[in-house]
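First comes the structure, then the notes that go with it.
The values are calculated or read from the model by the stated rules, or taken from the named source; none is laboratory data. From a predicted model like this one, the values you see are computed outputs, not experimental measurements. Quick reminder, even Gly has a Cβ in these numbers, built from the backbone with ideal geometry, and neighbours come from all protein chains shown.
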Amino acid sequence: KGGTCVVTAVANMAKSDVTLNLSMLTLLQKNLQGTIFGGGNPNHDIPQLLSMYKAGRLNLDDMVTRQYKLEQINDGYKDMLEGR
């Protein structure tokens, strides 16, 4: 009971209709919410994140597990799909 579904992307603007069971949405106390860019403000957030990174308060380096040259792009996608 309860919970929120956040719609973060629309794959095809031409097919934007969905069917919802409004009774179940209400009875189970669910929330449906849309967002653009996660509700962030890029003009404010990106400089702040960069400043945090430069100050050592945001560790992004450990998130990079491999690097690929452009001619290795297919290897990179393959590794990503295989969870490497």
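Data table
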read-out: Tabulated pairs, segment 23-42, first farther than 15 Å from Ala9 by Cβ, second at pLDDT 85 or above and among the aliphatic types (A, V, I, L, M), C-beta under 8 angstrom, 6+ apart or interchain; value: Leu25/Leu32; Lys30/Met24
read-out: Residue within segment 58-71 that is touching a Lys or Arg at 6+ places or on another chain (Cβ under 8 Å) and surrounded by 10 or more Cβ atoms within 10 Å (Cβ to Cβ) present; value: yes
read-out: Residue selected from segment 28-53 under the condition small (Gly, Ala, Ser) and within 14 Å of the chain's Cα centre (by Cα), by the criterion nearest to Val18 (Cα to Cα); value: Gly34
read-out: Residue among Ser51, Ser23 that alone is loosely packed, with under 11 Cβ neighbours inside 10 Å and outside any strand (DSSP E or B); value: Ser23
read-out: Test for Arg57: is it in the same structural domain as Met80 (by TED's automatic domain parsing), within 30 Å of Arg84 (Cα to Cα) and in contact with an Asp or Glu (Cβ under 8 Å, 6 or more places away or on another chain); value: no
read-out: Breaking point among (1) assigned to a helix (DSSP H, G or I); (2) exposed (fewer than 10 other Cβ atoms within 10 Å of the Cβ), for Gly76; value: (2)
